[in-house]
1. Which of rounded, prolate, oblate describes the chain, given a ≥ b ≥ c as roots of the alpha-carbon gyration tensor eigenvalues and a/c under 1.5 marking rounded, otherwise prolate only if a/b is larger than b/c?
2. Hey, what does the equivalent ellipsoid look like for region 134-226, semi-axes from the Cα gyration tensor as sqrt of 5 times each eigenvalue, largest first, whole Å?
3. Report the local net charge at Leu4: Lys and Arg +1, Asp and Glu -1, summed over other residues whose C-beta lies under 14 Å from its C-beta.
4. If ligands, DNA and RNA are left out, what is the accessible area of Met46 with a 1.4 Å probe, given in Å² to the nearest 10?
5. Can you tell me the FRET efficiency between Glu219 and Ser129 if r is taken as the Cβ-Cβ distance and R0 is 30 Å, rounded to the nearest 0.05?
6. Rounded to the nearest 20 Debye, what is the dipole magnitude of the chain about its Cα centre when Lys and Arg each give +1 and Asp and Glu each give -1 at the C-beta?
7. Mind checking the angle between helix 2-14 and the chain's longest principal axis? C-alpha axes, 0 to 90 degrees, to the nearest 10.
8. For the chain, the longest stretch holding no GluC sites (Glu not before Pro) located in a DSSP loop with at most 11 other Cβ atoms within 10 Å is which?
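The values are calculated or read from the model by the stated rules, or taken from the named source; none is laboratory data. Quick caveat, the model's predicted, so the values are computed rather than measured. Every residue, glycine as well, gets a Cβ built from its backbone with ideal geometry; the counts of neighbours run over all protein chains shown. To get the accessible areas, we keep the full protein, side chains included, count just its heavy atoms, and leave off ligands, DNA and RNA. Shrake-Rupley method; radii C 1.70, N 1.55, O 1.52, S 1.80 Å.
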Amino acid sequence: MRTLRLFALLDYLRGRTEPVSAEILAQELSVSVRTIYRDMATLQAMGAPIRGEAGIGYQLEKGYFLPPLHFDPDELDALMLGTRLIASRGDDDLAAAARRVSAKISAAIGHDKGENYSRLPLRAVARQSPENDKAAEHLTLLRIALRDKAVLEITYCDLQDKRSQRTVRPLGLTMFDAVWLLTVWCENRSDFRNLRVDRIEVIQLAGRLFRTERGKRFEDYLKTLP
């Protein structure tokens, strides 16, 4: 039981970019804070490069190689539904990537478990609509621009059919039931804006990249939400 908890701690820290307090870890694993202290000391003694500072929390050093993941049934359900949802709602490249990810998961967890995973009776179906079809035309370029931090020139038509030319920094994409939403830092307005991807008429690369700036990041936008 404790061995499984140690692996769970490593898995939890693996996905975090900022330190996590012992109190939060204790809540996640339903154990006491004292147990977390003991487990962390054990992991550090075994050579796991875990940084721990009083009042700040624990963090796994970058570049540390962990053993292959072992998924529980709920995690496999989540992975299958997630990849099938993306396959049904993403652009062609993203849908193909989702199917490749699912195939890699199936291969990585062993033959028997992989067969069971592939046959999970879980489906994700997206309603086809003109909005989805229009958004799909832009998603590949937008995802690349997000990764590269490429400034974009956009011609946008709002819901009142008013057109505007915008120079934007793409910050995030959000998939809703009916539409995709692009969150940007608008250089024309010096503020955050949300643009419906299906209402974007033209996208062009501005030929320059932007640097991440505090106050103009996606996480800064999220902090403004209720």
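1. Oblate shape, in that a/c is at least 1.5 and b/c is the bigger or equal ratio.
2. Equivalent ellipsoid semi-axes, largest first: 18, 16, 14 Å.
3. -3
4. Approximately 140 Å² for this residue.
5. 0.50
6. 380 debye
7. Its long axis makes an angle of about 30 degrees.
8. After excluding every exposed loop site, the longest remaining stretch is 62-212.
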